[in-house]
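Visitor: Before we start, here is the structure in question, set down as structure tokens.
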Amino acid sequence: MARAQGPPTQPVAVNRKAFHDYFIEEEYEAGLVLSGSEIKSVRVGKANLRGAYARIENDEAWLIDAHISPYEQSGVYFNHEPMRPRKLLLHRREISRLLGKLHAKGLTLVPLDIHFVGRRAKVKLGVARGKKLYDKREATAERDANREIQRVVKARRYDD
């Protein structure tokens, strides 16, 4: 299947909390159905994915609790509801595969970021398993150790 080619873009909104709270097992890319004022808000970076999740209902995928701020230049009548559920565009095969995985114990579907491919807004979804408190502590300790190693390597490089 051909994808829209264009320069790779940076994510507009990133759900950093998802990487802290979950082990991401698999990633999917889904299209995002947005109204006119929503797409303009997303283009200027007024989207927030903290606390958002995806759900499959009636063989359709939905993005729930994602906050897209109202577009300031749009009038009251033409603006959108910031927290409304937004439809995700996935192939029927992908939805059925995701549904099978989500019925497994402890798996959930979390949005990782919103980005653009060409002119279209896309959401990167992660099939995730929740971390326990000790997993979070272990990840923090590992991140701190790696940061310390990089600091020493960098200092040693400049000393030579």
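Derivation of every value follows stated rules applied to the coordinates shown; laboratory data play no part. The model shown is predicted, which means the values in this text are computed figures rather than measured ones. Counting neighbours? That spans all protein chains shown, and the Cβs are built from the backbone with ideal geometry, glycine included.
Visitor: What percent of all Cα-Cα pairs in segment 67-160 falls into each 10 Å bin, going from 0 up to the bin containing the maximum distance?
Guide: For segment 67-160, the pair-distance distribution reads 11, 23, 24, 23, 14, 4, 0.
Visitor: Starting from the Kirkwood Rh over alpha-carbon pairs, what translational D in µm² s⁻¹ does the chain have by Stokes-Einstein at 37 °C and 0.692 mPa s? Intermediate results must be reported in sequence, preceding the final value.
Guide: Details: Rh = 17.7 Å.
So the translational diffusion coefficient is about 186 µm²/s.
Visitor: Roughly how many nanometres apart are two label points built 7 Å out from the Cα toward the Cβ at ARG157 and GLU81?
Guide: 5.1
Visitor: Let me ask something additional. PRE reach from GLN150 (point 7 Å along Cα→Cβ): which of segment 18-48 fall under 18 Å by backbone N?
Guide: Once the point is set 7 Å along Cα→Cβ of GLN150, 19-20 turn out to lie under 18 Å by backbone N, inside segment 18-48.
Visitor: With r defined as the distance between the Cβ atoms of GLU72 and PHE19 and R0 fixed at 35 Å, what FRET efficiency is calculated, to the nearest 0.05? Mind showing how you got there, number by number?
Guide: Details: r = 30 Å, r/R0 = 0.87.
After rounding, the FRET efficiency stands at 0.70.
Visitor: Let me ask something else about it. Within the chain, which is the longest segment containing none of the trypsin sites (Lys or Arg not before Pro) that sit in a DSSP loop and have at most 14 other Cβ atoms within 10 Å? Don't skip to the end; give the middle numbers.
Guide: On the way: sites that count: ARG3, ARG50, LYS105, ARG119, LYS132.
Looking at the chain, 51-104 is the longest stretch - no exposed trypsin sites (Lys or Arg not before Pro) with at most 14 other Cβ atoms within 10 Å.
Visitor: Right, here's the next one. Could you list HIS67, HIS20, HIS115 in order of exposure, starting from the residue whose Cβ has the fewest other Cβ atoms within 10 Å? Present the calculation step by step, with values, prior to reporting the outcome.
Guide: Details: HIS67 16, HIS20 11, HIS115 20.
Result, fewest neighbours first: HIS20, HIS67, HIS115.
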